[in-house]
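Working notes, structure below.
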Amino acid sequence: MSDSVEFRHLEYLVAIDEGKNFTRAAEKLYRSQPAISQQVRGLEGDIGFPIFVRRGRDGVEPTPAGELVLGWARTVLAERREIFAIARAIHIGEVPTLRMGFSSFVNPALLTTFRQSYSELFPKCEVVFSGSDSAQIIQRLSAQTLDCAILPCPIDSKAMDVIPVANSQLVVCMRADDPLASQTHLDVHEIAPRIRVFRDPELHPSAHAHLVHLFAEVGIPISLANSVANPADIQWMVKENYGLALVDEALSLDSGLTTRPIAGVNWTAQTAFVASKDSQHIALPFIQKYLRQEGLTVLRKRQRGERIRPRQLELLA
């Protein structure tokens, strides 16, 4: 679309479509009817196609191309109202604290990246973190005692908006002196009987169900011998020879432990930004729009002190 298109043109187009008439649009916008007609005709001439079909006393209706432009115009005007609303709230100090939940199975670097990015997007606006198991975090999101969360997938709740933000391989965690550590890749059928340390299925039901599904795809039933609530307990059990475990390759390992990839499968650990569809926090629409387009993986590549670029700010507007 031409660079000559301005917000006022979009306001004119939407008002004309809503009123089905140039005169009613002019009255609504406190403009003269001839001025609005001239502006719209000039715009149509500039872009090279009509937005409206004029039917005299029967009013106007959009052309097929005009329907597309009108849909875009409504989106742009709504986003402009939202960005100025939150800018005003930042200016007068009325952006509420963002209450974010997280699971201990989430890479801490993602939390750090999110906090830094949120501070850049919404200066001097506070974020507070609350860690717990995924099931409890989802309950708190539903009760709106949390505004959002970063959690491991899958998220089994239709009441939540879920935006994937990071993805990494699942690998086998073992003692560094385990004979398997001499191999570069592990055979899933060979190691399956030794994978005996799992997340507690009651605390992490969706994640456990997903793991059961992955094993079932290669024809291996899971033997739930030892269950844990957090990554620290997983590593302790592996060190104490209670069994092997599947972990995120990004997990920071204790001394004496190592990991190896599994040959022939592509098992991954996905992390998502999660918020209740009913959440009313003023910043959420902007956060969600940004993460849908950029994720957190891109953000993690920014160097300390680098500011958000104009293109990044455009994603919020």
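Consider segment 176-194 and keep the residues that are open to solvent by 70 Å² or more (accessible area, probe 1.4 Å) and charged (D, E, K, R). The one that is nearest to THR258 (Cα to Cα) is ASP177.
Tallying residues that are touching a Ser or Thr at 6+ places or on another chain (Cβ under 7 Å) and open to solvent by 70 Å² or more (accessible area, probe 1.4 Å) within segment 51-93 yields 0. The set of residues from segment 94-106 being within 22 Å of the chain's Cα centre (by Cα) and either acidic (Asp, Glu) or surrounded by 15 or more Cβ atoms within 10 Å (Cβ to Cβ) (or both) comprises VAL95, LEU98, ARG99, MET100, GLY101, PHE102, SER103, SER104, PHE105, VAL106. Which one of these is surrounded by 15 or more Cβ atoms within 10 Å (Cβ to Cβ), in contact (Cβ under 8 Å) with a residue 12 or more places away in the chain and farther than 22 Å from LEU186 by Cβ: LYS277, LYS289? LYS289 is the lone residue from the list that is surrounded by 15 or more Cβ atoms within 10 Å (Cβ to Cβ), in contact (Cβ under 8 Å) with a residue 12 or more places away in the chain and farther than 22 Å from LEU186 by Cβ.
Based on what the data block shows, is SER117 touching a residue at least 24 places away in the same chain (Cβ under 8 Å), on the phi < 0 side of the Ramachandran plot and more than 17 Å from the chain's Cα centre (by Cα)? For SER117, the condition - touching a residue at least 24 places away in the same chain (Cβ under 8 Å), on the phi < 0 side of the Ramachandran plot and more than 17 Å from the chain's Cα centre (by Cα) - is not met.
Kindly establish whether ASN230 is of a type outside the set (D, E, K, R), touching a residue at least 60 places away in the same chain (Cβ under 8 Å) and out of contact with any Cys (no Cβ under 8 Å at 6 or more places or on another chain). Write out each step before concluding.
Values: of a type outside the set (D, E, K, R): yes; touching a residue at least 60 places away in the same chain (Cβ under 8 Å): yes; out of contact with any Cys (no Cβ under 8 Å at 6 or more places or on another chain): yes.
For ASN230, the condition - of a type outside the set (D, E, K, R), touching a residue at least 60 places away in the same chain (Cβ under 8 Å) and out of contact with any Cys (no Cβ under 8 Å at 6 or more places or on another chain) - is met.
So which residues in segment 23-50 are acidic (Asp, Glu) and open to solvent by less than 70 Å² (accessible area, probe 1.4 Å), if there are any at all?
Listed by number, the list holds a single entry, GLU44.
The strands (runs of 3 or more DSSP E) located wholly in segment 1-118 that include 2 or more residues which are over 30 Å from GLN280 (Cα atoms) occupy 52-54, 60-62. Of the residues in segment 212-232, at least one is outside any helix (DSSP H, G or I), closer than 16 Å to VAL247 by Cα, within 25 Å of the chain's Cα centre (by Cα) and not small (Gly, Ala, Ser). Considering segment 200-248, the residues that are surrounded by 18 or more Cβ atoms within 10 Å (Cβ to Cβ) and among the β-branched types (Val, Ile, Thr) include one that is nearest to VAL172 (Cα to Cα), namely VAL247.
Residues in segment 146-154: is at least one in contact with a Ser or Thr (Cβ under 9 Å, 6 or more places away or on another chain), at negative phi and surrounded by fewer than 19 Cβ atoms within 10 Å (Cβ to Cβ)? Within segment 146-154 (the criterion being in contact with a Ser or Thr (Cβ under 9 Å, 6 or more places away or on another chain), at negative phi and surrounded by fewer than 19 Cβ atoms within 10 Å (Cβ to Cβ)), the answer is yes, since at least one residue qualifies.
The values are calculated or read from the model by the stated rules, or taken from the named source; none is laboratory data. Everything quoted here is computed from the prediction, not taken from an experiment. Ideal geometry is used to build each Cβ from the backbone, glycine not excepted, and the neighbour counts take in all protein chains shown. For the accessible areas, the whole protein counts, side chains as well, though only heavy atoms, and no ligand, DNA or RNA atoms are used. Shrake-Rupley method; radii C 1.70, N 1.55, O 1.52, S 1.80 Å.
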